[in-house]
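Reading through the structure tokens given below for one structure.
Only the coordinates and a few stated rules stand behind these numbers; no lab work does. Nothing here was measured: the structure is a model prediction, and the numbers come from that model.
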């Protein structure tokens, strides 16, 4: 009887460990990894999903000199960059789902000089935070502190709830 109980307990432990390993394998199969890049030849700011699973964007925060911006129009104005709506195009990242290998051009300029002014201003004054999750609910925060620190991605328990004033809508 004791031997049977020990065999049953051992079987239960092996089953639990197997389930744990399978969960880790599934996590690896749906792992998203966002990165942000300035594409100098195309005059655009692009977000890429270099992971193997879809990235579900939950929140985006863009700040200029520590002050939250609600869209690119306000962000460009806060950086004192002269612009009109025809100077740039943009895509909405705030509600995006990026599949593996996807790239989303979030801001595209029509001229090299305007793009370079934007890039210089963002390096000195701008910050972009993107919180995204996998289909299993694991979440990460991409913090793009352009200068002097390179972008960093760190796992978070959940995406922060931003107030309407902090939420970037573009």
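Calculate how steeply helix 2-29 sits against the longest principal axis of the alpha-carbon atoms of the chain, using the helix alpha-carbon long axis, and give the answer as 0 to 90 degrees to the nearest 10.
20 degrees
Evaluate the relative contact order of the chain (contact order divided by residue number), counting alpha-carbon pairs under 8 angstrom at least 6 apart; express in whole percent.
26 percent
Using Cα-Cα distances under 8 Å and only pairs 6 or more residues apart, what relative contact order does the stretch 105-162 have, in percent?
26 percent
Going by a ≥ b ≥ c, the root eigenvalues of the Cα gyration tensor, does the stretch 94-157 fall in the rounded group (a/c under 1.5), the prolate group (a/b larger than b/c) or the oblate group?
Oblate, since a/c reaches 1.5 and b/c is not below a/b.
For helix 112-125, what angle does its Cα long axis make with the longest principal axis of the chain, in degrees from 0 to 90 and rounded to 10?
60 degrees
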